[in-house]
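Heads up: the structure comes next, in structure tokens.
The values are calculated or read from the model by the stated rules, or taken from the named source; none is laboratory data. These figures come from a predicted structure and were not determined experimentally. Here the Cβ positions follow ideal geometry from the backbone for every residue, glycine too, while neighbour counts run over all protein chains shown.
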Amino acid sequence: MSDFDPRFDPAYQPGFDPAKQQPLPSAPRPRTELPVVEERPVAEQPVSPVLNHEPAVAAPHHRNPLLVTLWVLSALFVVSGVYGLQLIGDRVSVLANTGQFGGADYYLLQSGIILAPMLIVLGLATAVGTLFVLAARWKHRQPE
């Protein structure tokens, strides 16, 4: 027996010599006939309890507590961002009127100017994301 892999054509394997090659045994052919299944009349077939066509009772509608939490967080982010922008504006006007402007004020104002719009955008993005979740799970109610 040769050292060729029977899954592949020997002509494409190393050490192949067409003069010395003996035909390899063929791989077993897949079974093409289908198994025979006994058919029973419909009356004799067992009835599954899952397939009983009982009238479905409408399940009570429960709100997802995580989605409610996301809605509250999105509102909180937007409100805190707008409030932060208002505080920054008030602080800048006070510092401009008094003329007393220190290094700590600069860092606080810069971080507030950067953080407040990000909070607003984060809140809006959270609200839009939860709307997408609700839209994906929405089922059109059937008229009764």
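Considering only residues that are within 30 Å of Thr126 (Cβ to Cβ) and not in a helix (DSSP H, G or I), look in the stretch 47-71 and name the one that is modelled with the highest pLDDT.
This residue is Asn64.
Residue check: is Phe132 under 25 Å from the mean Cα position of the chain (by Cα), loosely packed, with under 11 Cβ neighbours inside 10 Å and modelled with pLDDT of 85 or more? In short, yes. For the stretch 72-92, the set of residues classified as closer than 9 Å to Gly123 by Cα and either of a type in the set (D, E, K, R) or surrounded by 14 or more Cβ atoms within 10 Å (Cβ to Cβ) (or both) consists of Leu73, Ser74, Phe77, Val78, Gly81, listed by residue number.
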